[in-house]
Every structure is written in C-alpha cells, then in structure tokens.
Amino acid sequence: MAENLNLEQLQTPSSVFFLFGATGDLARRKLFPAIYSLYREGKLADDFAVIGVARRPRTQEEFREDVYQSIQEFCRYKAEANEEWYAFAQHFEYKALDINDVNGFRELKEQTEKIEERYHIPGNRMFYLALAPELFGSVSFNLQKGGMLEGQGWKRLVIEKPFGYDLKSAETLNEQIRQVFREEDIYRIDHYLGKEMVQNIEVIRFANAFFEPLWNNMHIANIQITLSETVGVEERGGYYDHAGALKDMGQNHMLQMLTMIAMEPPSRLLPEDIRDEKVKVLRSLRPYLNAEEVEKNVIRGQYIAGSANGQELPAYRAEDKVDPNSNTETYFATKLFVDNFRWAGVPFYIRTGKRLPVKTTEIVVEFRSMPTNVYLGQKHKLEPNLLVIRVNPMEGIYVKINAKKPGSESDIQPVAMDFCQSCMVGINSPEAYERLLHDAVRGESTYFTRWDEVASAWSFVDRIAEAWAEDPGKLSTYPAGSWGPTEADELLEKDGFHWWPVNGQDEDNVVWNK
C-alpha cells in the first residue's frame, strides 16, 4: 500500500509498463527509482504491472533483486526488505527477448494478458524504449506483428533522445514509427522538460505582473543559458564521438529551454496550445545562411589536458573509445536571435560543455540598464538587473537589484533576493523522470516534444553541423577544468556583454553566493 494517498491517483489509470532495455543504465539509474517514488506517493493505480524486457536472461527473482538494488542506490525513497516491498516487487516481471524475433513478441503478448487478467488492467499499455534510436522502428513493427497493440485500452510509445542524428534520419525514424503509432500516442522524452524549474518558467512568466509586461525587447538586453558539466565523456566515448555537444545537448535540452523562455502566452492551457507556441519560437530562429555566419556566431571547442581540484584530467582525444584525431566538439556556444515582434534584436547566448569547473544549468535574463546620463546614473555605475532561474543541481530563483549600501550616504551596491527551493528543509522534489512517467500514463503530453518541434530543431542545428563538416579544422581548444575557449567570451564582448557567473563559480562574490 502506498504511503501517501494522492488525489492524482484517481486520474492514473491501471496499466502495464514495458521497459525495453530493462538491464541498461537508464532503467537502473532513473526508471526503476521513478516508478518506486510514484508508488510511494500514491501516484500509481493500485493495479499496475511492469514488464522488463531485454536480451540477456534473468529469472523473475534476479530481476526483482536488480530493481531493489537500483532503488537502494538511486531512489530518493529507500526500500526496506519487508512485506510492503515484496508486495511492490510482485508487480514486476521479466521477459528475455530478441527484439528482431516476432515469436518473442507473441510470447510477450501471452505473458501480458495473464498479468492484465490478474490485476484487472483494461488493456492500457505503455512501451518505454530505452534503446538506441535505430531500434525504434523494428520494435514498433514487431509490437504490431506480435499482437501487442490489439484489443481495448490505449497503447503509448515513449522514446528517449537522441531522436535521429540529423533531420533526414529523424524523418526516416518518424515515418517508421508513424506506420504503427499515431502522433498523439508518441511521447518523446526530453528529461529537462521534467525538471522543476524548467516547468516553473511558465509560472514565473505568466503569473507575475512585474515580469510578463517586461518580457520583451524593450526591457531585456540579452538572455544567457548555461548547461555546464564537470565530467568528461566517461564510458560514452563511442557514442559521444559521433554526436558531440551540439547534437547531444544543443538540439534538445538547450533549444527546449529557449522555447520555454521565449514562447508567447498560449491561448489555452492545453498541451497542443503550449506546444504550438514552442514550435513558433523554433520556426522564428534566425537561420545561419552560410559557413561564414556559422563561424561568426558559433564557437566550437574541445578540451585538452588540464586539472581541477588538484586532479589531473586527460584530453578528450585521450579518452576511452575516442578517435585520437577526433574533431568532435565537447563545447559549443552560440548567439541566436528569435525574429518576432517580442524578441527582435535581443541576443540569446547559449553554451554547454564538458570538463567545465562547475556542474550547473542556469538561465540568466539581463534587463536593460538604466539611463547613465540622468539622476543616479550620473554619479554611479549601476549594475543591470538580473533574473536567474537555477535549474540544476540547485533549484531556485535569484533576482539582483540595485540598492543603497547600508550606513552610507548614497553609495549604491547590487543586492540579491535569493529563493533556493532545493535548500528548503523537508523539500524532496520529484525527479524529472517521475513527472514525465506520471504524465505519460495519464496522457498528459505538455512536456513531451512533438514531431514538428523535433524537425524544427534539427533543421536549425543541421546548418551548423554542415558548416563544421565543410571545415572540420576550425576547432578551438580549452584546458579541462576551465570555462571553455576564450572565443566564447569574445562572442559576448563584441556586443558589450559578458557571461554572468553561475552559482558556485566565484565563492568570493557576495552577490552570487550567500
């Protein structure tokens, strides 16, 4: 029995979750813990089942032990080996399956029907593909051929990024999936859309009278989005060397956060209306017309050997499974423009990279400075006002304003108003995958990406990738543990701006750190 009954449980239908790739890292780190957290908070129907699907053999007991160890290590709730845990674990079964074997899917159907009869589940099935994207089509076809999509109840497909490797491959993949599933039954996950503060952007903007009237090119000077990682490529060298920072982070996470910041208020608070506005932003991005424009507005970097916290760090080309002559970027920064009436002329600067000094994701809205030739501006150097949305790992909102220095006649200094949600005692924010799984089973698609979003994002990113392919030698370097290539600083300096410090970057700066 769940710990806390929740009214949302009434809206959560009984269903069977199918986790393809159940022995993989994503299932272990994110999906099993998410399901257990939903169970503990009463957000799952009492009658649910999970079938893990993977190639390698597992007994039911071994699979349930895998789930238990996953929850102990990665879940925000810890399980105890008692009657409550065993009652939960009974909802989990395993099926060893070769995804190219249709007969295996027919066996899966028989196993599913027995489970549905046991738990009185009315045919609702959610297929989560934690697999490489080139397998999405094959699994979809075999689900259909194996009879898994027959009968009453809804059938939904949840798929992970990357959704293709460019627009052409994404279109091919989408055509395959659409032969089996309707668009409204396809849930493309970008886990950044499940993060607390990304979802909070809508509320900050549209529920506060002192933000929305200023949210335009008359009052905002620029917007900066930073997604920095301290780790290198770790065990993902083989994948990353074919993707790079642009496709791994830029095409999805970075552009999705930009759409949330830049979108117009939707006419209705319905999933399709919200996603319509996000697509309009992507279609309004000013395209780079040629390689010269890409070179002028996009910085591409790769980390070389460096150090951080007294530890020597290897160069990217020395990482496991990376080509020693690789030109793959581990960092990129770019200046974007959203060419519509609200944002005309406002630069959006985005940057992401590996082996940077701080792990953080932050959005900085820099407001236009006060006039320097009148009143206080004549005697004081006034700092611009900032609104900072801290997404990860710290969650919160930070506002910087100018105020009189205490004890002085008229000295002015920047002061901070800082709300740290993740610092509050008793706050145990749901993980992104918890929200997104819960949304998917309820048919709530707001924070999943629609096909036209994916296509528009790839269309923009492909122009950059093509320009780099034409001249792969133009690659800046930066020491591991630094803030990236110096060219990224120059990108803003030539416009009269600079990258604002992120949380944890400068511990001596009282404005940015308490």
- Query: How about the range 220-296: which trypsin sites (Lys or Arg not before Pro) there are in a DSSP loop, with at most 13 other Cβ atoms within 10 Å of their Cβ?
  - Reply: ARG268
- Filtering chymotrypsin sites (Phe, Trp or Tyr not before Pro) in the range 208-251 by DSSP loop and by at most 11 other Cβ atoms within 10 Å leaves PHE210
- Counting only DSSP beta bridges with both residues in the range 193-494, what percent are antiparallel, rounded to the nearest 5? 80
- How about the range 305-350: which chymotrypsin sites (Phe, Trp or Tyr not before Pro) there are in a DSSP loop, with at most 10 other Cβ atoms within 10 Å of their Cβ? PHE341
- Message: Let me cross-check ARG368: its accessible surface, 1.4 Å probe, with only protein heavy atoms counted, in Å² to the nearest 10?
- Response: 110
- Note on the structure: Projected onto the charge dipole of the chain (unit charges on the beta-carbon of Lys, Arg, Asp and Glu, signs +1, +1, -1, -1), the Cα from ASN340, ILE261, GLN311 with the largest positive-side position is that of ASN340
- Item | Over the range 151-193: Rg over Rh, Cα atoms, Kirkwood Rh | 1.01
- Query: Could you give the radius of gyration (one decimal) and Dmax (whole number) of the Cα atoms in the range 15-160, in Å?
  - Reply: 14.5, 41
- Item | 13 Å beta-carbon shell around PHE348, net charge (K/R +1, D/E -1) | +1
- Which distance in nm do the two modelled labels at HIS242 and LYS168 give, with both placed 7 Å along the Cα-to-Cβ direction? 1.5
- Query: For the chain, what is the charge dipole size about the Cα centre, in debye to the nearest 20, if Lys and Arg each add +1 at the Cβ and Asp and Glu each add -1 at the Cβ?
  - Reply: 680
- Message: Using a 7 Å offset from the Cα along the Cα-to-Cβ direction at both ASP452 and ASN100, what is the distance between the two label points in nm, to one decimal?
- Response: 3.8
- Query: About the Cα centre of the range 287-326, what is the dipole size in debye to 20, counting +1 per Lys and Arg Cβ and -1 per Asp and Glu Cβ, all else neutral?
  - Reply: 40
- Taking Cβ-Cβ under 4.7 Å as the only way to count a partner, pick out the unpartnered cysteines of the chain. CYS75
- Local electrostatic count, VAL322, Cβ distance below 15 Å [Lys/Arg +1, Asp/Glu -1]: -3
- Task: With viscosity set to 0.692 mPa s and temperature to 37 °C, compute the Stokes-Einstein D of the range 43-82, Rh being the Kirkwood radius across alpha carbon pairs; µm²/s, no decimals.
- Result: 275
- Message: If you count only protein heavy atoms with a 1.4 Å probe, what accessible area per residue comes out for the range 193-494, rounded to a whole Å²?
- Response: 43
- Let me know the whole percent of all Cα-Cα pairs from the range 161-242 that are separated by more than 15 Å. 77
- Note on the structure: Scoring only Lys, Arg, Asp and Glu (+1, +1, -1, -1) among other residues with Cβ under 13 Å from the Cβ of LEU167 yields -4
- Mind running the shape call on the range 193-494? Use the C-alpha gyration tensor, a ≥ b ≥ c as the square roots of the eigenvalues: rounded below 1.5 for a/c, prolate if a/b tops b/c, oblate otherwise. rounded
- Query: Charges only on Cβ, +1 for Lys and Arg, -1 for Asp and Glu: so what's the dipole of the range 193-494 about the Cα centre, in debye to the nearest 20?
  - Reply: 760
- Message: If I ignore ligands, DNA and RNA and count only protein heavy atoms, how much of ILE186 is accessible to a 1.4 Å probe, in Å² to the nearest 10?
- Response: 10
- Compute, for LEU436, the solvent-accessible surface of its heavy atoms (probe 1.4 Å) with the complete set of protein chains present, and express it in square angstrom to the nearest 10. 0
- Message: Rounded to the nearest percent, how much of the accessible area of the chain (1.4 Å probe, protein heavy atoms only) is carbon and sulfur?
- Response: 50
- Task: Would you list which lysines come within 16 Å of LYS405, measuring only between C-alpha atoms, while excluding same-chain residues fewer than 8 positions from it?
- Result: LYS379, LYS381
- Could you check what % of the DSSP bridge pairs in the chain are antiparallel, to the nearest 5? 55
- Given only helices, namely DSSP H runs of n ≥ 4 each adding -39500 (n - 2.57), what is the per-residue ellipticity at 222 nm of the chain, to the nearest 500 deg cm²/dmol? -9500 deg cm²/dmol
- Task: Rounded to the nearest 0.05, what FRET efficiency do ARG268 and ASP411 give with R0 = 51 Å and r taken as the Cβ-Cβ distance? Could you check?
- Result: 0.55
- the chain: angle of helix 60-74 to the longest principal axis, Cα-based, in degrees nearest 10: 20
- Query: For a label point 7 angstrom out from the Cα of ALA469 toward its Cβ, which stretches of the range 139-172 have the backbone nitrogen within less than 11 Å?
  - Reply: 166-169
- Query: How high is the FRET efficiency from THR230 to GLU107, r the C-beta distance, R0 56 Å, rounded to 0.05?
  - Reply: 0.80
- With the Cα gyration tensor of the chain in hand, convert its eigenvalues to equivalent ellipsoid semi-axes via √(5λ) and list them largest first in whole Å. 42, 27, 23
- Message: Restricting to bridges with both residues inside the range 15-160, how much of the DSSP beta-bridge set is antiparallel, in percent to the nearest 5?
- Response: 0
- Message: For the range 1-145, what does the accessible surface come to per residue with a 1.4 Å probe? Please give it in Å².
- Response: 46
- Item | Given LYS109/LYS145; LYS296/LYS474; LYS145/LYS168; LYS30/LYS155; LYS161/LYS474, the pairs whose alpha carbons are separated by over 18 Å | LYS145/LYS168; LYS30/LYS155; LYS161/LYS474
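The values are calculated or read from the model by the stated rules, or taken from the named source; none is laboratory data. Computed from a predicted model, the values in this text were never measured in an experiment. Every residue, glycine as well, gets a Cβ built from its backbone with ideal geometry; the counts of neighbours run over all protein chains shown. Side chains included, ligands, DNA and RNA excluded: accessible areas come from the protein's heavy atoms. Shrake-Rupley method; radii C 1.70, N 1.55, O 1.52, S 1.80 Å.
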